[in-house]
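J.: One structure coming up, written as structure tokens, with questions to follow.
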Amino acid sequence: MLALALTGAVSAAAVATGYQSMAPTGQWYGQTFTGLPRGSRQIALTFDDGPNDPYTLRLLDVLAKHDAHATFFLIGRYVQQRPEIAREIVAAGHVVGNHTYTHPLLTFKSEAEIREELGKCRSALEDAVGEASNLFRPPFGGRRPAVLRVARELGLEPVMWSVTGYDWNAPPAEVIERKAAKQIRGGDVILLHDGGHKQMGADRSQTVIASERLITRYQAEEYGFVTITQMMAKPGQPLSIC
């Protein structure tokens with residue numbers, strides 16, 4: 001019986017450990033930013049896996065139309081392919097973040113590999129927009145203590161999310177909107193995708209439609225759409241574009 005109990009305890013611990021390494025709001029392995037306390041009138045839209053032609057540009061049009069701001073976590077190799085899109089994001093008043101160079105699952109990478117992924121993405125962003133980002137989002141949300149430690153050694157602030165639209169498989173816009181709306185309580189960081197990590201050109205047309213619907217819906221309820229930098233800022237603290 002004792003052996004069975006120990007086996008069960010070990011199994012439960014392993015499951016919990018694996019869950020915490022991927023859970024967006026889990027804090028076992030170190031603090032990450034997931035938003036403000038519930039009830040805040042701020043919402044942060046975040047888009048992963050760009051820049052992506054043409055859907056990143058279409059999102060920029062939607063955001064400009066509604067005077068809303070967002071944060072784009074960019075893959076370094078795509079930034080190198082389309083640096084002009086990264087520049088347009090920043091020129092429009094949005095914020096860019098480091099989403100690694102090739103989008104690997106960092107929980108299975110060595111510290112040297114983690115450092116290389118983050119460093120190459122940082123260099124790509126610097127070359128494209130003239131400034132390195134201090135924001136970092138791990139691909140797939142995967143992290144362990146070493147991931148967060150290396151990120152902070154490089155001056156990066158890890159950012160996760162509290163709401164997801166489950167849009168990575170490009171479901172219809174109404175599905176994305178419905179799933180996100182069920183979770184929104186104010187102060188949220190919403191995860192959506194303007195690109196796909198496998199290749200440039202992923203179809204994100206439904207995410208563009210859903211994003212506009214969410215903005216329209218929550219602006220009507222007097223929520224403001226802000227960047228992660230704005231959401232994290234303390235009173236009197238200057239804001240960075242990256």
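The values are calculated or read from the model by the stated rules, or taken from the named source; none is laboratory data. What you are looking at is a predicted structure, and each value in this text was computed from that prediction instead of being measured. No Cβ is skipped: glycine too gets one built from the backbone with ideal geometry, and neighbour counts run over all protein chains shown. The area values use the complete protein model at the heavy-atom level, side chains included, leaving out ligands, DNA and RNA. Shrake-Rupley method; radii C 1.70, N 1.55, O 1.52, S 1.80 Å.
J.: As an exercise: evaluate LEU239 against (1) in a loop (DSSP other than H, G, I, E, B); (2) modelled with pLDDT of 95 or more; (3) under 20 Å from ASP67 (Cα atoms) and give the number of the one condition it does not meet.
T.: Result: LEU239 fails condition (2) only.
J.: For GLN206, all conditions in the list (1) polar (S, T, N, Q); (2) in contact with a helix residue (DSSP H, G or I) (Cβ under 8 Å, 6 or more places away or on another chain); (3) surrounded by 23 or more Cβ atoms within 10 Å (Cβ to Cβ) hold save one; what is the number of the exception?
T.: (3)
J.: Taking the range 41-56 as the region of interest, how many residues are surrounded by fewer than 20 Cβ atoms within 10 Å (Cβ to Cβ) and either free of Cβ contacts under 8 Å to residues at least 60 places away in the same chain or assigned to a loop (DSSP other than H, G, I, E, B) (or both)?
T.: 3
J.: Do we have ALA181 as open to solvent by 10 Å² or more (accessible area, probe 1.4 Å), of a type in the set (Gly, Ala, Ser) and either modelled with pLDDT under 95 or part of a helix (DSSP H, G or I) (or both) here?
T.: Criteria met by ALA181.
J.: Quick one: what pairs do we get from the range 29-40, first residue over 13 Å from ALA146 (Cα atoms), second open to solvent by 50 Å² or more (accessible area, probe 1.4 Å) and of a type in the set (Val, Ile, Thr), C-beta under 9 Å, 6+ apart or different chains?
T.: Short answer, once both residue conditions are applied: THR32/THR25; THR34/THR25; GLY35/THR25.
J.: Tell me yes or no: at least one residue of the range 205-219 is at pLDDT 95 or above and part of a loop (DSSP other than H, G, I, E, B).
T.: Within the range 205-219, not a single residue is at pLDDT 95 or above and part of a loop (DSSP other than H, G, I, E, B).
J.: Okay, moving on. Just the residues that are under 17 Å from the mean Cα position of the chain (by Cα) and over 13 Å from GLU126 (Cα atoms), please, taken from the range 78-92.
T.: Hits for the range 78-92 are TYR78, ILE89.
J.: Let me ask you something else. Look through the range 115-167, keep the residues that are part of a loop (DSSP other than H, G, I, E, B) and aromatic (Phe, Trp, Tyr), and return whichever of them is most open to solvent (accessible area, probe 1.4 Å).
T.: Looking at residues that are part of a loop (DSSP other than H, G, I, E, B) and aromatic (Phe, Trp, Tyr), I get TYR166.
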